[in-house]
Every structure is written in structure tokens, then in C-alpha cells.
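Enquirer: Would you mind keeping the following structure in view while I ask a few things?
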Amino acid sequence: MLDNHFDPKVAEPRIYNEWERSDAFKPREGDAETFSIVIPPPNVTGVLHMGHALNNTLQDVLCRFERMRGKRVLWQPGTDHAGIATQMVVERQLADAGGNEDRRSLGRDAFVDRVWRWKEESGGAIINQLKRLGASCDWSRERFTLGDRNDPDNQMAAAVRKAFIDLYKDGLIYRDKRLVNWDPQFQTAISDLEVENREIDGHFWHFKYPIAGGETYTYVERDEDGNVLFEEERDYISIATTRPETMLGDGAVAVHPSDERYAPIVGKMVRLPLADRLIPIITDEYPDPDFGSGAVKITGAHDFNDYAVAKRNDLPMYPLMDERARMIQSPDKDGNPVMPEKYVGMDRFDARKAVVQDIGAQGLMIEVEDKKIQQPFGDRSGVVIEPMLTDQWYVDAETLAQPAIKAVETGDVKFVPDNWSKTYFEWMRNIEPWCISRQLWWGHRIPAWYGPDGKFFVAETKGHAIDQAKEHYGEHVELTQDEDVLDTWFSSGLWPFSTMGWPDETAELKDFYPTSTLVTGFDIIFFWVARMMMQGIHFMGEPPFKEVYVHALVRDEKGAKMSKSKGNVIDPLKLVDEYGADALRFTLAAMAAQGRDIKLAESRVAGYRNFGTKLWNAARFCQMNECTLWEPDAFDPLNVDLTVNRWIVSETAKTADTVVRELEAYRFNDAAGAIYRFTWNVFCDWYLELIKPVLNGEDGAAKDETRKTAAWALNQILHVLHPFMPFVTEELWGELSEFGPERQNMLVVDAWPEFDAAARAPDAEAEIDWVIRLVTEIRSVRSDINVPAGAKVPMTLVGGDDEAKARLERYSDLIERLARLESCSIASEIPAGAVQAVLDDATIALTLTNVIDFEAERARLEKEIAKLNDDITKIDKKLSNEQFVSKAPEHVVAEQHERRTDAVGARSKLSDALTTLASIGE
RNA sequence: GGGCGGUUAGCUCAGCGGUAGAGCACUACGUUGACAUCGUAGGGGUCACUGGUUCGAUCCCAGUACCGCCCACCA
């Protein structure tokens, strides 16, 4: 006998172990259709958050669904080494340890070893957390983006090397010196995507750059019509900046060619204050005459715009800072120092203060404006990014993007919902070269070796590089490997095929690539989806997935992004502890409508926990009534006789169809809603109530059939609900099944129910629907006029067609029970003093002489009548509109007529009742 | 500056050219042998605003107002 509650804490781990032990998550054998998903690999040292919970729940729903449908399902799991993020954690650990150790003092090998140890220590955590959620990944295939460090054949690393070398050979990877986003905290380059622009409070300093030789000019400011607003003699040009320290590296001052204010001095030199160099005033399209003074200082080596201007105009670019953003000396083309000695070694922000002060001291400060300014921050480090001129490795993303764009344009790859393809196109069509080198230690080292003169050789191994070098130099030379590692996303981009054994031609690749679906949040469309598309198409010849289901991001109840600093993080594991994994999963699925974000309210989780309990108790009821003898082969749902059984078979089939349809369209919420409503509002609320008299009655064919049907319907529920609530359904399946020797399998691998169209029984649906409506109507009336819940009253059906009468007779026992009636009968006259309600064209009369509440009854009737009047008025308005009658589709017009007839009929009956009531009341 | 979403019941959200829905919360009643993590009944919405298309608009179109997100080099 089942307990009266399901205890997820005990049952879930046990069930999960059983699944794993039975290899339920491995792709089944055979040649059935395949279905594959690669997991978005979580950071190896990460902790499961709500985003993972949603992402993996949805993947698991799909995998379990398809597995039950008989497909060979591979859900490929694994973790990502997450270069910067992980290195950062370990560096912080060193710092927190309080010793003098840091990354540099440890040295590369020792540090990397430290990170590996941290990975080994914490790397299992997130996997175990995914298991607690119920994720049905094939864990025997777990992969790590860095591979296994003890494996000399490390295939994941081989895949990365091969990808790099092939792209290099194809001219799609190159080395270049250009301005990159430099993170002074981590001392590495980062890609555009890892930069977060934030608006902060800053200042806008206005300086004077004196014209060389003390020359002056007439500065004239005009309005739109050319009228002079302001005019003065100046011996300077006014420039404005939010970053004064960069002025030390200015190469010119630029003005717009059309800017007449500065026309007199274009081509002249200004004296750069502090640095005491002469720089030219040039024209360029870049400056906006309406912004600031219209004159822009050009610091080619520390600003992306200025870099472009400097390149166009062949201006010198002076690097001003080192890797930690401390000011450094830089020579000009004649070898003279550019940086005044006093600033050398200063931090950039200290230098800023010093420059501002020194400019002021020289009387060259015009004003300081407080201003909101956009500043780039490293998304991991949180420090201001410094544009720096460095040598880096780049991927020619533009070339790789073309087929990736085309694949989506042609529909080979579909985004669901489709509007995300716009976001994808927008980015892909404007893609910039992808900087893939990182000055980190944790990652795949770049397979390039340098000769003594800086010439590099890209090769699989050092040996091969040396061979190449020998050919190049004509003699053996010592080579040193590039110090840098690759951007994490370079290896993540290979994930759909590297995890399946690429570059080897494996059976897995043949069977499971391309994958069926990618399930991901929209925040990594650029980072990951785009890169997988580019690399997948390039290396495998076809896109890595057929569909990309993009789900929402989980927010807190107020819609704020969950973040540790806000303290609004809801820990999915706490919810699992409290409500069970099934409840959390169901909540996430039910809320996965295709919007932008999911605001999670804990009350929903509690609600779905209750749903699990409801199901549990329904099963318990079935068990008590011996509805557990399910022998699917021996029972044919199409062959049941009792209307109520034919009805539940029909409703079950309808629901299963809906769930399939909705899941195939990724409408998880609709699928979840359908099975929820069926289970609770149809099976529990009505079917079980309707069959109680049969189950409590005498043994016989009817009881036997009903037991079997109930068991069957419950079984269908367990199957259809399993993808959403795998634990409780598996537990019930185990508890209620009679395990014969031939039925050893668990629900997780059992077959999804197939339904014959013949399972649908419209006549049974109509009949039971009538009973339900009748009972509901009676209950409603009773409640409205305050009939005590325990009071049993006689009911009489007056009027109505033969079918209604027949139904009443057929179900009188049931109706009496469910509506708490003393009796029900059929009469041609309404009994005196009866309370009346209308069902179709029949009148329901309740005789309650002793218990009637006249006032309540009058109020009830008046309200009903008013409502009907309202309806009728609305309908009349429509029907009297010629345009409506002539233009609306026939069935709509007919429906209005029908509704009017019904309403008028009901109104007349209720009006009569009101009149009668008035006469009694007096 | 571009782009994309959102605005529906107290809250969190579905829906969608033809009588506005769910969960939670709320109210009343209820110890009917599955279930109080429950049952029965009920209250609650001019579907942001303004125009347009249409016989008919919460739904389609345009605009407005708020809110949110993404992208972008205004020094």
C-alpha cells in the first residue's frame, strides 16, 4: 500500500540510481531514428543556478519524450573549462589564502596544475546537481572541453589543434597587430562580446591645446542660419575628453572638414601640453561638429575610433600603458621619449588625476563637466577595459559567417521562436574578426612555435614545427611555443562534434551529427550558437543542429536578473530539497512560454508539488480499489462498454495527442498544462468520482472493466507525464505494476502510448459532459442559496428531450451522490416552491421547502436573469446589424441565433421561477 | 543611435479576429473511507492609450506613453 505522500528526498536519488544502473540513458541499440542533443556545457567549477535548471529541464523533457517514442536518444553531457572564469576563481583562492603566492610566483605549470586540482575537486558538483534534477544524459559519454590531462591521446585537445591548424592553413586564422580590448585585471585580450558597456558617472574635461608659436585665429560660432553668435580671438583649440591621461599619446587633433570654425587653423600645429610635443590639426570625417568643441584629440593606441583615424591619416600611435595599465615610456619615431618621466609607472587613474591637475596648473583647463559616460568593462573582471595595441590571433569570422548565415536563411537551421534569427543575422552580418588568443594559462595552448626572429610555425606538435623551421631556416633552430591559450568559445564551438570523437570518423558522428535540437538561452546566441554554426559547417560540412530552441532567462519574481550581488538568487537545489525535482521541473516547463523572461514565483513550485501529491493519491485510490492489474496487452481500451469508461479513454487519447503536438512544437507550457488539467480536472475530479459507485458495488463485468480502465488511464497519465515529472511517475509505475519476468523495464524506457483515432468517442463525451454540467449546475445553485452542504434535497427534471431524460435515469445514482440529492426524478410540472435552474432546454427543480433562503434565491434569479438580458441585448445588436448578417461567416451567425434562443428560453424559465417565488414569499 | 520584447484578475503568467483563461492569493462552506500538499462554490479584468483596417479588434496595422533587454566608436 502506498503511503499518503511521495517523499522525493528519499525516492529521487534511489530512482536516479536505478536509471543509471540500468543504462536507461544510453542510446538504445538498433536502427531506429536518432535524436540527439548536446548539453550547453556548464562551467566545470560552476554551481547549478536557475538558468541551468530551466535549460536542462527542457532538454530532459525532450530527451525523455523522444526516448519513450522509441528513438535512439543521445543526450551528450559535459563541462566547459571556462578559461577566464575558472582561472579567476583559482587566482582569487590564492589571494584569499593570504600567502604570497600568486599565479606568477607559482609559475605556469604549477598554476595550471592547481587549476586542474580545483577542477577535479569541484568538477563533479555541477554534474551531480544535474542528476538531482533528473537529467537523463548519457553520463558514460561525459566530456570536458580540455579533455583528460592524463590521456596522451587527449582527443578533445586534438580536435582543437586540428581546428586551429586547418583554419590557419585555409587562411582563416591569422596573426595581427591591432587594437584589442585589454583587461588589465587578468592581463589578457578579450573579445568584443566579453566587454560590457556600462554608463557611469564621469567627467568631461575641456582643455586648451595652444597653437604653436603663439599664433591666434578668429573663432566664430554661428547659428543654423549663419548668424554670428559669438566671436573671439583665440590662441588655442579647445578639446574635450573623458580620459585626460590619454592626451599624453595624442598624435593629432582632428576636426571635421566642413567645420568652418577651425578652417583657419587646419594644417597648423598645436603644442601638446605636458608632453610638450607639436601635433598637427587635421581634418577627418570622424569628428562631429555638434559634439563638444568639435575638435577631437586623436590617441591612436588607446581608442578604437582614434585608431581608425590614426590609420587613415598615418598618425603615430604611442602605447601608453603596460599590461596592468600603468603608464610607460614610449619613443617617437626619432627615438625621443613621448611620456614625461613624472607619469611613468603611474596607474592610469592616478595619471588621470595628475594630468588634470597639471593642466590646471598650466592654466589650460577650461571647464569640467559632470557627465554620464559609457565605459567598457570586462564582463568577468569588472574593471575598465583598456584598448591596447597588441599582437593577437584572429579568426576571419566574416568568411566563416557566410555559410552560417545562409543555413538559417534557407531554413536548414531554424530558430524557435523564429524572431531570434533576426538577432542572429544582425550579429552575423556585422561580424568583426574574432580575437581568439588569451594571455591566460588555463586553456588550450595555441599550436604555434616561434623561431629566434619571431617567425612562427603552426603545427600539430613541436616536432612538426621544428621540421618546418628546419626547412625555413635551412638548419635546426630552437623554437618556443606561443604562450597564449585559446578563447574558451573556440573549443566550445567544436562541442557538437568534438564530443562525438572528431577528428576521427566515429560511429557516433555518423549516427548523431548533426544533432536534432539545441536548447539554449538567448544570452549565448552570439557566444556559442554562432560559433558552433561557423565551425560546425566549416569542419563537418553541415550545420551542427537542425533547430535551435531559444528559451527565456529566469528572473526573480520582480523580473530582475538574478545575481549574487542583488541577493535575489533562487537556488534551484533548495527548491528541489523542499518540493522535489518533479515540482521544480514541472514549474519550469509550465512557465517556459516563448517569452523573454521567466519570473519565478515559489508559490508555483509549491502548487506543482501539490499536483504530484494529487496524482500520488489518485494512484493510491486506484491501488486500494485493485485497479492495478494492468496488462496492457490483455486490455483493449477500444473495447470497453461503459460510457464513463469510453469517455475517459476518449479524453485520455485527446490529451496524449495534445501533449505530443505541443511538445513537437516546443510549447512546453501547453504540453504541461494539458496533462495537468487532464490529470487533475478530468481524471481526479470527475472520472474517479464517477466510478466510485461501480468500484464500491458488486463484482461483475462492469466493475472489472472499470478497474482495468482506471488502471489503464492512470498508466497513460504516468507515461505522458513522465518527461515532466520523471521521479514520481517512475515510482508509481514501479509500485503499481505487476512486474512479471517479461516486464523488467522501467517507465523511463517504456513506450509512449499510441492512440487509435477510434479511441475518440464523441457520444460518450457528450453524455458525460451533460452529467458534469448538471451536477455542476446543481452544486452552484445550492451554494448560491446557502443550502447546507450536508443537506440532501430532491431534484426534478422538467422538460428536456428524451436523451436528457434517459441520461438522468441512467446516471441517477451518480448524480444523487455527486450533487448530494435525496432523489432525482422526471416530471412534467415544476413542483411548487422549487428552486429552479436551466440546463439546455430542461429545467432543474430543487424542492427545498425547509431549507430555502428566499432572499438568496431572489438575488440569484435576478442576477441570472440580468446576465441573460445582457447577453440577449448584445446578440440582438449583432443580429440587427445587416453588415454582420451578410458578411460574417454563416456558422458565426447561426451560432448567435442559437445562443439567443438558448438565452431567451432560459430567461423565460427563470422569470417564471422568480414570479412563483414572489407569490410564495408573500 | 539602431534593433527586439513587454504592458491582460491583487501577484506570476497563458491566450487570441467572433461569449476573456490558469496557478497562487482572496471569500464562503465542507472531517462525503484517494487526497486539508484536499474538496465544492464564488468574487475579481473598459485585455496601457489614440487612431486605422474589419460586419466584428484584447488579438491585425500605425502612432503615443511607460517598462525591460540586446547591439553601437559620440571624443
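The values are calculated or read from the model by the stated rules, or taken from the named source; none is laboratory data. In this text the structure is predicted, and so the values were computed from the model without any measurement. Methodologically, a virtual Cβ is constructed for each residue, glycine included, from the backbone with ideal geometry; neighbour enumeration extends over all protein chains shown. Remember, those area values only see protein heavy atoms, side chains included, never the ligands or the DNA or RNA. Shrake-Rupley method; radii C 1.70, N 1.55, O 1.52, S 1.80 Å.
Enquirer: Roll a 1.4 angstrom probe over the protein heavy atoms and tell me the percent of accessible area of chain A that is carbon or sulfur. Please report the intermediate quantities before stating the final value.
Expert: Details: 18890 of 40910 Å².
Using a 1.4 Å probe with all protein chains present, chain A comes out at 46 percent carbon and sulfur.
Enquirer: Same structure, new question: May I ask you to derive the FRET efficiency for residue A:758 and residue A:47 from their Cβ-Cβ distance with R0 = 51 Å, giving the value to the nearest 0.05?
Expert: Values: r = 51 Å, r/R0 = 1.00.
The computed FRET efficiency comes out at 0.50.
Enquirer: Take the Cα pairs of segment A:841-922, get the Kirkwood Rh, then feed it into Stokes-Einstein at 37 °C and 0.692 mPa s and tell me D in µm²/s.
Expert: Numbers: Rh = 14.5 Å.
So the translational diffusion coefficient is about 226 µm²/s.
Enquirer: If I model a spin label at residue A:601 and residue A:122 as a point 7 Å from the Cα along the Cα→Cβ vector, what separation in nanometres do I get?
Expert: Result for the modelled spin labels: 3.5 nm.
Enquirer: Now for a different question. If each residue of separation counts as 0.36 nm, what is the full-extension length gain between residue A:231 and residue A:870 once their alpha-carbon separation is subtracted? Spell out each step's value before the answer.
Expert: Numbers: separation 639, 0.36 × 639 = 230.04 nm, distance 7.57 nm.
The residue A:231-residue A:870 span can extend by a further 222.5 nm.
Enquirer: If the cut-off is 18 Å between C-alpha atoms, which aspartates and glutamates fall inside it for residue A:878, apart from same-chain ones fewer than 8 positions away?
Expert: Those aspartates and glutamates meeting the cut-off are A:870, A:890, A:895, A:898, A:902.
Enquirer: Beta carbons within 10 angstrom, averaged per residue: use that to sort the peptides A:890-899, A:484-493, highest first. Present the calculation step by step, with values, prior to reporting the outcome.
Expert: Values: A:890-899: 12.4, A:484-493: 26.1.
Ranking the peptides A:890-899, A:484-493 by packing returns A:484-493, A:890-899.
Enquirer: Taking a Cβ-Cβ separation under 4.7 Å as the criterion for a possible partner, which cysteines of chain A have none?
Expert: A:63, A:137, A:435, A:684, A:824
Enquirer: Moving on to the next point. Sort the following peptides by mean Cβ neighbour count (other Cβ atoms within 10 Å, averaged over residues), highest first: A:178-186, A:59-67, A:101-109, A:233-241. Spell out each step's value before the answer.
Expert: Numbers: A:178-186: 21.7, A:59-67: 25.0, A:101-109: 13.0, A:233-241: 18.3.
Ranked by mean Cβ neighbours within 10 Å, highest first: A:59-67, A:178-186, A:233-241, A:101-109.
Enquirer: Something else now. Give me the distance in nm between label points sitting 7 Å out from Cα along the Cα-to-Cβ direction at residue A:419 and residue A:220, one decimal.
Expert: 5.2
Enquirer: I've got another one for you. Whole number in Å², please: accessible area per residue of segment A:311-446, 1.4 Å probe, ligands, DNA and RNA not counted. List each step's numbers first, then the result.
Expert: Details: 6690 Å² over 136 residues.
For segment A:311-446, the per-residue accessible area is 49 Å².
Enquirer: Using a ≥ b ≥ c from the Cα gyration tensor of segment A:618-703 (square roots of the eigenvalues), is it rounded, prolate or oblate, where a/c under 1.5 gives rounded and otherwise the larger of a/b and b/c decides, a/b for prolate? Write down the numbers at each step before the final one.
Expert: Details: a/c = 2.32, a/b = 1.84, b/c = 1.26.
Prolate is the answer for segment A:618-703, as a/c is 1.5 or above and a/b outweighs b/c.
Enquirer: Taking the Cα atoms of chain A alone, what are Rg (to one decimal) and Dmax (as a whole number) in Å?
Expert: Expressed in Å, the Cα Rg and Dmax of chain A come to 37.9, 122.
Enquirer: Does segment A:85-156 classify as rounded, prolate or oblate by the C-alpha gyration tensor (a ≥ b ≥ c root eigenvalues; a/c under 1.5 gives rounded; else a/b over b/c gives prolate, otherwise oblate)? Show your work: numbers first, answer last.
Expert: Working: a/c = 3.85, a/b = 1.63, b/c = 2.37.
Since a/c reaches 1.5 but b/c is at least a/b, the shape of segment A:85-156 is classed as oblate.
Enquirer: Please enumerate, by chain and number, the lysines with C-alpha under 19 Å from the C-alpha of residue A:333, excluding those fewer than 8 residues away in the same chain.
Expert: A:177, A:311
Enquirer: Helix A:108-133 sits at what angle to the longest principal axis of chain A, using alpha carbons and giving 0 to 90 degrees rounded to 10?
Expert: So the inclination is approximately 10 degrees.
Enquirer: Please work out how much length the chain gains when fully extended from residue A:142 to residue A:260, using 0.36 nm per residue of separation minus the C-alpha to C-alpha distance, in nm with one decimal. Let's see the in-between values first.
Expert: Working: separation 118, 0.36 × 118 = 42.48 nm, distance 6.68 nm.
Length gained, residue A:142 through residue A:260: 35.8 nm.
Enquirer: Relative to the longest principal axis of chain A, what angle (0 to 90°, nearest 10) does the C-alpha long axis of helix A:420-429 take?
Expert: 10
Enquirer: Under the 0.36 nm per residue contour assumption, what length would be gained going from the current alpha-carbon distance of residue A:110 and residue A:478 to full extension?
Expert: Values: separation 368, 0.36 × 368 = 132.48 nm, distance 2.39 nm.
Fully extending the segment from residue A:110 to residue A:478 adds 130.1 nm.
Enquirer: Going highest first, how would you order A:425-438, A:469-482 by mean Cβ packing within 10 Å? Please list the in-between numbers first.
Expert: Numbers: A:425-438: 18.5, A:469-482: 13.1.
Ranking, from highest mean packing down: A:425-438, A:469-482.
Enquirer: If you don't mind, another one. For segment A:629-678, report the accessible area per residue in Å² (1.4 Å probe, heavy atoms, rounded to an integer). Spell out each step's value before the answer.
Expert: Working: 2120 Å² over 50 residues.
Result: 42 Å² per residue.
Enquirer: Something else now. Over segment A:56-214, with the other protein chains present, what is the accessible area per residue in square angstrom, probe 1.4 angstrom?
Expert: Values: 6170 Å² over 159 residues.
Per-residue accessible area for segment A:56-214 comes out at 39 Å².
Enquirer: Can you tell me the orientation of helix A:531-540 relative to chain A, as the angle in degrees between its alpha-carbon axis and the longest Cα principal axis, to the nearest 10?
Expert: Around 90 degrees separate the two axes.
Enquirer: Can you flag which of A:169/A:297; A:297/A:353; A:9/A:510 are past 29 Å Cα-Cα?
Expert: A:169/A:297; A:9/A:510
Enquirer: How would you classify segment A:676-759 from its alpha-carbon gyration tensor, with a ≥ b ≥ c the square roots of the eigenvalues: rounded for a/c under 1.5, else prolate if a/b is greater than b/c, otherwise oblate? Before the final figure, lay out the partial values.
Expert: Numbers: a/c = 1.80, a/b = 1.39, b/c = 1.29.
Cα axes put segment A:676-759 in the prolate bin.
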